[in-house]
Structures are given as C-alpha cells and as structure tokens.
Amino acid sequence: MKTVPLHQLHIRLGAKMVPFAGFEMPVRYSSDLDEHHTVRNAVGVFDVSHMGEFSIKGPGALALVQKVTSNDATALYDGKVQYGYLPNATGGVVDDLLVYRIAEDDYFLVVNASNIEKDWNWIQSHNTEGVAMENLSDSLCLLAVQGPKATAALQKLTEVDLASMEYYTFQIGEMAGVKDIIISATGYTGAGGFEIYVKNADAEQMWNAIFEAGAEFGIKPVGLGARDTLRLEKAFCLYGNDIDDETSPLEAGLGWVTKFTKDFTNSEALKAEKEAGIKRKLVGFEMIDRGIPRGHYELCDAEGNKFGEVTSGTQSPTLQKGIGLGYVPTEFSKAGTEIFVKVRDRLLKAQVVKTPFVKN
C-alpha cells in the first residue's frame, strides 16, 4: 500500500485511514456529515495526492493528446484546463482525465489514482512518434481547497488574482512563499475553490499556510467520505463506479466531451454508436420512499423486473434524501419517470431527476 507524502500529518490529525486505489488515504477526520457541510458552506482541504500527473511535451505533443483523448485539445490555450476521457478500442473508457495546456507543445495530464500505470501504458502505446513523456505522479502533492470561502482564504497567500480566474483555468505562480506551483480553478465538489499542485518537499509548508489563512473561515481537513457525497450531489462520474472499461461514454452522458471534428482512438465506432442511438442512459434519481440506494442495488420497473443497477448512491447531506446514479433503458430516462430500487427484497419508489442534484 502506497502512502501520500503528508501521511504522518494526517495520522497526527486523527484521520481514519483506509485503503483506496492502492494508497492509504484519509477517509474522514471528524464525521462525513460535518466535513461535507464544511465544504458546501465554508472551506475544506482534501489531500488528493494519490492522483496521477503526466507531462507530455515537445514536437508532436498536441498530436498525441488529440489521438488519445476524446475532447478537442486545439480549443485549449495557455492556462486553460479541459475535461475529457481516454477511449479504449472496444467502446469503453480507459479513464477520465484533465488536460492542462502549459504552453504550446507542453501538456499536463491529471488521471485517476487507480489507473496511473494503465493510463501511462495506454498513452505510451499510442506514442508512435516518440513524444517526450514524464510520469510526475510520485513527485507532486495535490491539495484541493474547496468551498465558497476558498478564494478569500487563499488570496492571503498569493499575488495571483484568484477571484478573476474563470472555472477550468489555471496559473503558475507563487503561493505561501512557494514558487512555480500550479493554482487551478478546478475541483470535484461543485462548491468552488482551487486545486494546488506543489512539490512533495513543499507540501507541509503549503498545508500549514492554507490552514492558518483559512482559520477565520472555519477551515477543516476533509476526507474521501465527504468527497464522495459532494461529487455525487453534483452528479460527477467516478471511474470504477459510473464509468469503466465496459461502459459507453455516450451512454454515460459524456457526449459533450466527445468531439467528432477530429479522429481519435475508436472515434469511428463511437460515431456509429451515436448515429444508431443509444439503448440506455446514465441518469440521476432521487428516492421518494425512505431508503438509501447503494452501489449494485437493482433498478426495476413497477413489476420488479430488473433493468439496471445503482452505480453510485448515498444519502445526500444537503437534500436529506437518498440520491443515486444508474444506467436505465432510454425509455425510463426522462426526468419525472418513476423507477424502483430493490433494497433487501423491497421495491422502494424513486424518480428520475435532472442533474446536478444540488444546484449552485
């Protein structure tokens, strides 16, 4: 089991550590509920240094990114971030990822922790032109400072004008006396905030400075438990749950980052799938009956016939009701449609809703 560079700090803070994606990670420090509300209403900090980072640079870098990712990286400019995925050759998803354009012919890719080796090998297998690639995953810490008070807290630490940064942009600058860090207006909570990429050696200095700056706003460390409920309230896909090697990105609602204006891995097959029309869809649903939908619970019609299963589910701390994601036949995918979740042989009523569950 790998550990993140700030592992001992989390132990000192009393975090409950659990295995996740090959790492020992903090799942909570106080309670999932408290940490969830802290991020939604104030500011919290996640150590997500388990995530993977690759550098792709030099001649041919853009062509390689274009070949392996679904989105169109020609739309990027210096300081812009793009969400997309790596399609596999059989209609599924290798991983979803962020692509940062540092400069012309200089790209920074952020991938999921569980897929670092798989993604590296996949991209490398398509690197027929010998583009320079570097795996930076073990040398960087990633601190996600999330919540409506994140900007005010972090602004004390940097000359970069954080309030003027648009969503999905980044700057390379100084923060808390540490030079050349990536300050990114991104995050996996939908609560606003920034993700800070910092070298391992500077991580504890950065963590301490952030907590000092955020003290007046009630800043708290936050674990993976609250990260999951926060992302689910915004209906953000989680790799391994809602998308994987077997799931169609078009059925998963990722058509918006699938750009057929270019050729990319398996693009012809995905285009044909789009033209033929998809048979099922990833939808959000809210419980009408009392109950919490959990992963792999059956989704059924009124007669109890199974037509899908829950891919992600929880009790929403903000809405105080059960919410979930799952694949259903397209005829059951319209908002307002009644579906049923099978919980311990009981059919509990739910309703398909438009996502995100929690609006801004």
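Under the combined filter of DSSP loop state and at most 14 neighbouring Cβ atoms within 10 Å, the range 78-162 retains these trypsin sites (Lys or Arg not before Pro): Lys156.
With the simple model of a label 7 Å out from the Cα in the direction of the Cβ, Asp106 to Leu13 spans 3.1 nm.
Checking the Cα-Cα distances for Lys2/Lys199; Lys156/Lys234; Lys234/Lys274; Lys2/Lys220 against a 20 Å cut-off, the pairs over it are Lys156/Lys234; Lys234/Lys274; Lys2/Lys220.
Counting neighbouring beta carbons within 10 Å and listing from fewest to most, the residues Glu212, Glu35 come out as Glu212, Glu35. Among the GluC sites (Glu not before Pro) in the range 97-141, those located in a DSSP loop and surrounded by at most 15 other Cβ atoms within 10 Å of their own Cβ are Glu104, Glu129. Seen from Glu204, the other residues with C-beta closer than 12 Å to its C-beta sum to a net charge of 0, counting Lys and Arg as +1 and Asp and Glu as -1.
Label sites at Glu216 and Asn41, each approximated as a point 7 angstrom past Cα along Cα to Cβ, lie 2.0 nm apart.
Counted by neighbouring Cβ atoms within 10 Å, the residues Asp161, Asp119, Asp345 run from fewest to most as Asp345, Asp161, Asp119.
Look at Met165, Met51 and count the other Cβ atoms within 10 Å of each Cβ; fewest to most, that gives Met165, Met51.
Hey, got a sec? Which chymotrypsin sites (Phe, Trp or Tyr not before Pro) in the range 100-183 land in a DSSP loop and have at most 10 other Cβ atoms within 10 Å? Passing both the DSSP loop test and the Cβ count: Tyr167.
Calculated FRET efficiency, Thr74 to Lys279, Cβ-Cβ distance, R0 = 35 Å: about 0.65 to the nearest 0.05.
Grab the other residues whose beta carbon is less than 14 angstrom from that of Leu154, score K and R as +1, D and E as -1, and report the net. Neighbourhood net charge equals -4.
Computed from the Cβ-Cβ distance with R0 of 30 Å, the FRET efficiency linking Thr261 to Ser164 stands at 0.50. As a calculated quantity, the FRET efficiency between Glu204 and Asp34 at R0 = 30 Å, using C-beta atoms, amounts to about 0.80.
The slack in the chain from Ala89 to Glu303, taken as 0.36 nm per residue of separation less the alpha-carbon distance, amounts to 73.3 nm.
Each value in this text was obtained by applying a stated rule to the coordinates, not by laboratory testing. Note that this is a predicted model, so its numbers are computed, not measured. Note: ideal-geometry Cβ built from the backbone for every residue, glycine included; neighbour counts use all protein chains shown.
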